[in-house]
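So the structure is just underneath, and the comments pick up after that.
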Amino acid sequence: MLKILKAEYRKFFSGKLFITILILAIIFPLLSAGLYGLVVRGIDPELFQINAEVAFIGSFSPLNNFGFLLLIFMLVILLADFSQNTIRNKVVAGYSKSTIYLAGAIFTLSIAFVATTVYVFLNYLLTGLVINFGSGDFLVVFKHWAVGMLATLAIYAFLQFVAYTFKTLGASLGVVIGSLIGTLLIYTIISFRLSESANRILTIFVPLLQVIGSLFGSKDYLWMLLIDGVYVVLLVGFGAFLSKKLDYK
């Protein structure tokens, strides 16, 4: 597995997508902060209702500018193994399909972790410098980061499962984006009819709802962390198990 991971990281860091992701992770926070600066010019920042904490929480959404592009880039990277037939070569080299899947999961989740962390904290820092840092309580920021990151990893564990199942960019992208948008639309429609406790439970159990900008109650952090962690383990484990039956062509 280590040899597979070394090869994957070497290929990624020497490729154009790494440079593209790095540039976008810097440019989007700069553009957002610059736009906020133009909007609040001559306006009381308190009336704008945006601060570094709010921008930070909203940065985790996989449907925002950077999040959406990162989803696409990671699918392209994962599916290159199938389109270029390198995954078949790994099987021929003697690696089991479950080992290949687990190595892919570690690679996918680690890249998503680092890229998202860089992006959200740059958003927090630059927005804070332009407007204000909100409460300034870094413990609150850390809690949001922990929940947002585990929810993000759960989404990327799902993304990898879909990629290895469908093996093509069009189908995989359609399923992943369709699932995210569909979940958001359904929640938007039914949330107004649900009680506060029902909405709270849904937010705890649905990772996407945790990363679209909702402010969480402090009592829910541990539940979200636990459930998101379970999702990651189950999706990766289930994917590794099912991969034994997949035909890597």
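Quick note: the coordinates plus some simple rules give every number you see, no bench work behind them. The shown structure was predicted, so the numbers you read here are calculated from the model rather than taken from an experiment. Neighbour counts run over all protein chains shown; Cβ positions are idealised from the backbone, glycine included.
Please give the contour-minus-distance gain from Ala171 to Ser83: 0.36 nm per residue of separation, less the Cα-Cα distance, rounded to one decimal in nm.
Result for the pair: 30.3 nm of gain on full extension.
Among Ile212, Thr188, Ser110, flag the residue with its Cα farthest along the positive direction of the charge dipole of the chain, charges on Cβ as +1 for Lys/Arg and -1 for Asp/Glu.
Of the listed residues, the answer is Ser110.
What are the extents of the Cα atoms of region 1-118 along their three principal axes, in Å, largest first?
65, 23, 20
Give me the one-decimal nm value for the distance between modelled label points at Leu139 and Asn65, 7 Å along each residue's Cα-to-Cβ direction.
If labels sit at Leu139 and Asn65, their model points lie 3.4 nm apart.
Pick out which of Ser191, Ser172, Ser110 has the largest mean-square fluctuation in a Gaussian network model of the chain, springs linking Cα atoms closer than 10 Å.
Sorting by GNM fluctuation, first place goes to Ser191.
Sketch the reach of a paramagnetic label on Ile23 as a point 7 Å from Cα along Cα-to-Cβ, and name the residues of region 51-69 whose backbone nitrogen lies under 19 Å away.
65-69
Which values of log₁₀ I(q)/I(0), to two decimal places, follow from the Debye formula for region 2-243 at q = 0.08, 0.13, 0.14 Å⁻¹ with a uniform point scatterer at every Cα?
Rounded to two decimals, the profile gives -0.33, -0.84, -0.96.
Give a quick list of trypsin sites (Lys or Arg not before Pro) in region 1-97 that DSSP marks as loop, anything other than H, G, I, E or B, with at most 12 other Cβ atoms within 10 Å.
When the trypsin sites (Lys or Arg not before Pro) of region 1-97 are filtered for loop state and at most 12 Cβ neighbours within 10 Å, Arg41 remain.
Arrange the peptides 198-205, 235-242, 72-79, 118-125 so that the one whose residues have, on average, the most other Cβ atoms within 10 Å appears first.
Peptide ranking by packing, descending: 118-125, 72-79, 235-242, 198-205.
On a 26 Å Cα-Cα criterion, which of the cross-link pairs Lys3/Lys167; Lys143/Lys244; Lys6/Lys167 come out too long?
Lys143/Lys244
What 222 nm value per residue comes from the helices of the chain, counting each DSSP H run with n ≥ 4 as -39,500 (n - 2.57) and dividing by all residues, nearest 500 deg cm²/dmol?
Mean residue ellipticity, 222 nm, calculated: -26500 deg cm²/dmol.
Net charge within 12 Å of Asp220 by Cβ-Cβ distance, Lys/Arg positive one each and Asp/Glu negative one each, not counting Asp220 itself?
Net local charge, Asp220 excluded: +2.
Give the Kirkwood hydrodynamic radius (Å, one decimal) of region 83-162, defined as one over the mean of 1/r across all pairs of different Cα atoms.
One decimal place: 15.1 Å for the Kirkwood radius.
Which angle between 0 and 90 degrees, to the nearest 10, do you get for helix 196-205 versus the longest principal axis of the chain when only C-alpha atoms count?
Result, in degrees: 30.
By how many degrees, between 0 and 90 and to the nearest 10, does the Cα long axis of helix 16-40 differ from the longest principal axis of the chain?
Compared with the principal axis, the helix lies near 10 degrees.
If I stretch the segment between Val118 and Ile189 completely, what's the gain in nm (0.36 nm per residue apart, minus their alpha carbon distance), one decimal?
22.3 nm
Across 5 Å bins from the origin, how do the percents of Cα pairs in region 155-249 run, short distances first?
The distribution over region 155-249 is 2, 12, 19, 20, 18, 13, 9, 5, 2, 0, given as percents.
If the elastic network links every pair of Cα atoms under 10 Å, which of Val206, Val40, Val141 fluctuates the most in the Gaussian network model of the chain?
Of the options given, Val40 has the highest mean-square fluctuation.
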